[in-house]
Amino acid sequence: MLVATTRGRADKPGEMFSGERALTPNFAEITVSVPPDSARKAGEVSWPRKLPPNPATDFATVKAQEIDRPAAENWLSRSVRKSPDRSVLVFIHGFNNHFEDAVFRFAQIVHDSGAHSVPVLATWPSRGSLLAYGYDRESTNYTRNAVENLFQYLARDPQVKEVSILAHSMGNWLALESLRQMAIRNDGLPSKFKNVMLAAPDVDVDVFRSQIIDMGKQRPRFTLFVSRDDRALAVSRRVWGNVSRLGAIDPEQSPYKEEMAANDITVIDLTKVKAGDRLHHSKFAESPEIVQLIGARLSSGQALTDSRLGLGDHIVAATAGAAHTVGAAAGLVASAPLAVVDQNTRQNYAHHVETLGMSVSGGGSSRTAANNCNAKVPGTKDCPQ
């Protein structure tokens, strides 16, 4: 995958990018080895239990190289020419993600989807802590220009024929604001931007309404994934003045039903889907059926249908074929492919949730020394080959 990021370079040996902000964007080329499907379930990231990681059972970093902008452009051009449909898939992760979280999750998404699109990870400075919500939100604002510049480059590149954007949680704010800026600057969005998928968006519904208007009439196909039992978005709603968050609306109720129909926005209601973390914030990524439903539709160029056609047995019946999929589980703290993990600061998810006064059992993910060492670039003094 190609990485474009506003994260700063890390100071620790073996760590690539931190959660702090860089003055200018950085780029990297990363290759991740994914174990066979028989070794894990779709939607799961298989963290190594010991070192060195076993490629037959574990995710493993094969290459991690920082590159400059010209090299990034060359990588993209070469990769697009090899793509069957010359398409690009841009993923923007959500709140509470370390750099390594986004890398491994995106690798899992691309693999499980069977996507032929060139994968581009746009990652922004998140500190990977539930207690850094304000910092993360300001980091998305800080990154708007950089992501818009990425979009503008993809629009100009004649090699790129189609662009899809996948965003999760707070990453939706960044995706929408960047598209809005681009539309205002260019008097519309390019036709090659085909699909924008908004999974559990942590976005004010009133602000979303204005963003859509600002983008104009020529827009990509928007697909919105909602879940009314999303506990993370329930907390966010209280933080933001008790205004509904876009990812937790009831799409059958007014005024949302009428507004979504008027703007030709497809809504997939995942409320009844039993998958994902205990906060119900990552169902779209961790339900194999939903992942495959999305991929089966996008791989054939079809718009996604309403989830009433896809729940339960109907989903299973509709999921033949490869999958273009969305998002990453921003609600969970995942282990790392590339970066040094500080055990004193990288606390597990359940501990953070309990700090906020919520009760979660089974949702945490403690890290072992083996997982942490696997996160380091091979050959460093902390993790010798």
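Under 7 Å by Cβ, and 6 or more places apart or on different chains, what pairs join a residue from the stretch 14-27 that is surrounded by 21 or more Cβ atoms within 10 Å (Cβ to Cβ) with one that is among the aromatic types (Phe, Trp, Tyr)?
Note: pairs meeting the criteria are MET16/PHE99; PHE17/PHE99; ASN26/PHE17.
From VAL45, VAL32, VAL88, grab the single residue that is crowded, with 17+ Cβ neighbours inside 10 Å, aliphatic (A, V, I, L, M) and modelled with pLDDT under 85.
On inspection, the qualifying residue turns out to be VAL45.
What single numbered condition from (1) more than 20 Å from GLU148 (Cα to Cα); (2) at pLDDT 90 or above; (3) part of a strand (DSSP E or B) fails to hold for THR6?
Looking at each condition in turn, THR6 falls short on (1).
Residues being touching a residue at least 40 places away in the same chain (Cβ under 8 Å), within 17 Å of ILE92 (Cα to Cα) and not aliphatic (A, V, I, L, M): count how many of those fall in the stretch 141-161.
5
If a residue must be aliphatic (A, V, I, L, M), without any contact (Cβ under 8 Å) to a residue 60 or more places away in the chain, assigned to a helix (DSSP H, G or I) and in contact with a Ser or Thr (Cβ under 8 Å, 6 or more places away or on another chain), how many such residues does the stretch 170-213 contain?
The qualifying residues number 1.
I'm trying to understand the selection: among the residues of the stretch 48-60, which are out of contact with any helix residue (DSSP H, G or I) (no Cβ under 6 Å at 6 or more places or on another chain) and either at pLDDT below 85 or part of a loop (DSSP other than H, G, I, E, B) (or both)?
Matches in the stretch 48-60: ARG49, PRO52, ASN54, PRO55, ALA56, ASP58.
If you go through the stretch 85-125, how many residues are closer than 15 Å to GLU44 by Cα and among the hydrophobic types (A, V, I, L, M, F, W, C)?
7
Please enumerate the residues belonging to the stretch 100-135 that are within 17 Å of THR5 (Cβ to Cβ), over 16 Å from the mean Cα position of the chain (by Cα) and not in a helix (DSSP H, G or I).
Result: no residue meets the conditions.
Which of the numbered conditions does GLU138 fail, given that it passes all the others? Conditions: (1) in contact (Cβ under 8 Å) with a residue 60 or more places away in the chain; (2) not in a loop (DSSP other than H, G, I, E, B).
(1)
Look at the stretch 63-116 and say how many of its residues are touching a residue at least 60 places away in the same chain (Cβ under 8 Å), among the charged types (D, E, K, R) and touching a Ser or Thr at 6+ places or on another chain (Cβ under 6 Å).
0
What number goes with the only condition from (1) assigned to a strand (DSSP E or B); (2) crowded, with 18+ Cβ neighbours inside 10 Å that GLU66 does not pass?
(2)
Looking at (1) modelled with pLDDT under 90; (2) touching a Pro at 6+ places or on another chain (Cβ under 6 Å), find the lone condition where TYR133 falls short.
(2)
The values are calculated or read from the model by the stated rules, or taken from the named source; none is laboratory data. Bear in mind that the values here come from a model prediction, so they are computed numbers and not experimental data. Neighbour counts are summed over all protein chains in view; Cβ atoms, including those assigned to glycine, are modelled from backbone coordinates with ideal geometry.
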